[in-house]
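Peer 1: Here it is: the structure, laid out below.
The values are calculated or read from the model by the stated rules, or taken from the named source; none is laboratory data. Just so it is clear, the structure is predicted and the values come from calculations on it, not from any experiment. Cβ coordinates were reconstructed from backbone atoms using ideal geometry, including for glycine residues, and neighbour counts include every protein chain displayed.
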Amino acid sequence: MVVETWPPAEPAHAARARSASARGGLARQAAYAAMDFGLVCLGGMGAFWLRFGFANPFGAATLALNEFSGQMTAQAYPGFLVLYAAMMVLSCISQDLYRTARELSALEESTKVAKAVGLATSLLALFIFTSGNKEISRVVVAGAGALNVVTLAGWRYGKRRYVLGRAGRGVGVSRVLIVGAGKMGRNFAAWLSENRQLGFHVCGFLDAHPNGDPRVLGAFQDLRRVALGQFVDQLFITLPAEREVVKEMFLEARRLRLNLNVVPDLYDGLAWRAPVQSIGGFPVIQLHGQPIPILGLAVKRVMDVIGATLGLVVAAPLLALTAAWIHFDSPGPVFYSAPRVGRKGRKFRCFKLRTMVAEAEAQKECLRDANERSGPFFKMENDPRITRCGRWLRKYSVDELPQLVNVLRGEMSLVGPRPHPVDDFARYKIEHLRRLDVKPGVTGLWQVTARGDPSFEATMTQDLKYIETWSLRLDVQVLLQTAAVVLEGEGQ
């Protein structure tokens, strides 16, 4: 007795072919990355030579720069150039630029290149600034960035024209047979015909109901005859066929050595353009997903660490003077820490300079009826618990400087929704929990746009706007606006 298994085991030659294809794809991507790396190095040297002349190779001469008052050597350039090229490759990976995406237009691909170059160049400039190195010319960095946009986008455009030219001549074109002449099948065929650069030629359809359409070359059972007669390379199933029909198509396609693809027409077209991934061997169609900007979050963390470190170093004298003032102004500790609720509801100790009397927490519930904020969090403009020096510290937000330690510990970020106390968190409604999707911040969008609005809903609106539209650029804007707000003394 023979027991049929489904799906049938993959033949050894098919597994070897698939493995070879994967290795070929990785080799091609590695070649693209190596080309970018080399072009970035050439662009950096080109920018250097344009600035200082061809008589000054790296590390050879002492160069006089207008940007600085002294003399400068060129010995630092090679190391920074290699670092720049490596960051450029990582930035291109983040923009998915090492995959041959023929469905992208030349303008869309060039825009991705410009974003990758801008990110890598900004990171290099930030690294140079924080390292304190004054041997690198700002003109050279900016010039290298401009050259890289041209060269990296240029070679991709040349490759695109080459591939499109081959497809236009019919070289390497794959002949396609579509199973199902319904709405989905016709739309798919029309899209392939309009985008000949993808390298597909539609031979016709298989359908159980021809309806007089000359493009329908037969029924499902005619697959072998039509595929051989039309020299078909690939088969696309575009209809919600019965299980047995798909199984028969699968077996026949394997015998004919055809590539078999299924185009799902699920939920009235919601699955169109949806990515398909594998989880534990099960194919999963993602109808909706929120992409996680891994590289962006990593850069944000680097900015947090650098910013918090510089902030603590610069603010150290002010913190020392303020600590002495607090000590002589009222009894109690100089620093104050209290539990706060952070990302995904995790609790942490939030550090501040003490601005209230030592028994402030015990008096809070007695003052709850005088709360001037609508919603779950507590705030009073003339809070009787605030000390004399505490009012000045709050006015200029000096009391929040110790939270830079929370940033270094990874519990907070420089920019994000403000952390709320645990007792306020206990009063959240279910929709308020969305503000905990990210790390809380030392400053945030609400602080610089709607600080005087007493409603909790205004806070929520700004916090959700920040989460949904987050970018590194937005963080920089909030930090710059925070500096202006602090200098104006709008804190409470």
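Peer 1: Go through the residues of region 423-433 one by one and say whether even a single one is assigned by TED's automatic domain parsing to the domain that holds V299, in a loop (DSSP other than H, G, I, E, B) and closer than 18 Å to Q481 by Cβ.
Peer 2: Step one: filter region 423-433 for residues assigned by TED's automatic domain parsing to the domain that holds V299, giving 423-433.
Still in the list and also in a loop (DSSP other than H, G, I, E, B): 426-429.
The next check asks that each one be closer than 18 Å to Q481 by Cβ; those that pass are none.
Among the residues of region 423-433, not one is assigned by TED's automatic domain parsing to the domain that holds V299, in a loop (DSSP other than H, G, I, E, B) and closer than 18 Å to Q481 by Cβ, which makes the answer no.
Peer 1: Could I ask something else about it? Might you let me know whether region 131-147 holds any residue that is surrounded by fewer than 20 Cβ atoms within 10 Å (Cβ to Cβ), touching a strand residue (DSSP E or B) at 6+ places or on another chain (Cβ under 9 Å) and either touching a residue at least 40 places away in the same chain (Cβ under 8 Å) or among the β-branched types (V, I, T) (or both)?
Peer 2: yes
Peer 1: Another question, then. Please indicate, with yes or no, whether at least one residue in region 89-96 is assigned by TED's automatic domain parsing to the domain that holds A142, at negative phi and at pLDDT below 85.
Peer 2: Looking for residues that are assigned by TED's automatic domain parsing to the domain that holds A142, at negative phi and at pLDDT below 85, one finds at least one in region 89-96, hence yes.
Peer 1: Of the conditions (1) crowded, with 19+ Cβ neighbours inside 10 Å; (2) out of contact with any Pro (no Cβ under 9 Å at 6 or more places or on another chain), G444 satisfies every one except a single condition; which number is it?
Peer 2: (2)
Peer 1: How about region 318-327: which of its residues are under 16 Å from S397 (Cα atoms) and either among the hydrophobic types (A, V, I, L, M, F, W, C) or surrounded by fewer than 19 Cβ atoms within 10 Å (Cβ to Cβ) (or both)? Can you show your working first?
Peer 2: Step one: filter region 318-327 for residues under 16 Å from S397 (Cα atoms), giving 318-323, 325-326.
Across region 318-327, the qualifying residues are L318, L319, A320, L321, A323, W325, I326.
Peer 1: Filter region 343-358 down to the residues that are touching a helix residue (DSSP H, G or I) at 6+ places or on another chain (Cβ under 7 Å) and either part of a loop (DSSP other than H, G, I, E, B) or not assigned by TED's automatic domain parsing to the domain that holds P421 (or both) and list them by number.
Peer 2: R354, T355
Peer 1: What number of residues within region 328-379 are surrounded by 15 or more Cβ atoms within 10 Å (Cβ to Cβ), out of contact with any Ser or Thr (no Cβ under 7 Å at 6 or more places or on another chain), at pLDDT below 85 and of a type in the set (A, V, I, L, M, F, W, C)?
Peer 2: 3
Peer 1: Here is a check on your reading of the model: is G311 more than 25 Å from the chain's Cα centre (by Cα), over 30 Å from G204 (Cα atoms), modelled with pLDDT under 85 and small (G, A, S)? Quick ask: steps written out before the conclusion?
Peer 2: Values: more than 25 Å from the chain's Cα centre (by Cα): yes; over 30 Å from G204 (Cα atoms): yes; modelled with pLDDT under 85: no; small (G, A, S): yes.
Criteria not met by G311.
Peer 1: I've got another one for you. Evaluate the following for E109: is it under 25 Å from F52 (Cα atoms) and acidic (D, E)? So that I can check it myself, show each step before the final result.
Peer 2: Details: under 25 Å from F52 (Cα atoms): no; acidic (D, E): yes.
No; evaluated as a whole, the condition is false for this residue.
Peer 1: Here's something else I'd like to know. Test of understanding: among V415, V422, which residue is touching a strand residue (DSSP E or B) at 6+ places or on another chain (Cβ under 6 Å), touching a residue at least 40 places away in the same chain (Cβ under 8 Å) and surrounded by fewer than 21 Cβ atoms within 10 Å (Cβ to Cβ)? Spell out how you get there, then give the answer.
Peer 2: Details: V415 fails: surrounded by fewer than 21 Cβ atoms within 10 Å (Cβ to Cβ).
Every option except V422 fails the conditions.
Peer 1: State which residue pairs qualify: first residue of a type outside the set (G, A, S) and inside region 242-255, second residue surrounded by 15 or more Cβ atoms within 10 Å (Cβ to Cβ) and in a helix (DSSP H, G or I) in any location, beta carbons under 7 Å apart, and separation of 6 or more residues or different chains.
Peer 2: V245/F220; M249/L223; E252/L223
Peer 1: Can you tell me which of (1) buried (at least 18 other Cβ atoms within 10 Å of the Cβ); (2) modelled with pLDDT under 70; (3) touching a Phe, Trp or Tyr at 6+ places or on another chain (Cβ under 6 Å) is the one P402 doesn't meet?
Peer 2: (2)
Peer 1: If you don't mind, another one. Going by what's in this entry, would L107 be described as under 17 Å from the mean Cα position of the chain (by Cα), at pLDDT 85 or above and part of a helix (DSSP H, G or I)? Break it down into steps so the answer makes sense when it comes.
Peer 2: Numbers: under 17 Å from the mean Cα position of the chain (by Cα): no; at pLDDT 85 or above: yes; part of a helix (DSSP H, G or I): yes.
It is false that L107 is under 17 Å from the mean Cα position of the chain (by Cα), at pLDDT 85 or above and part of a helix (DSSP H, G or I).
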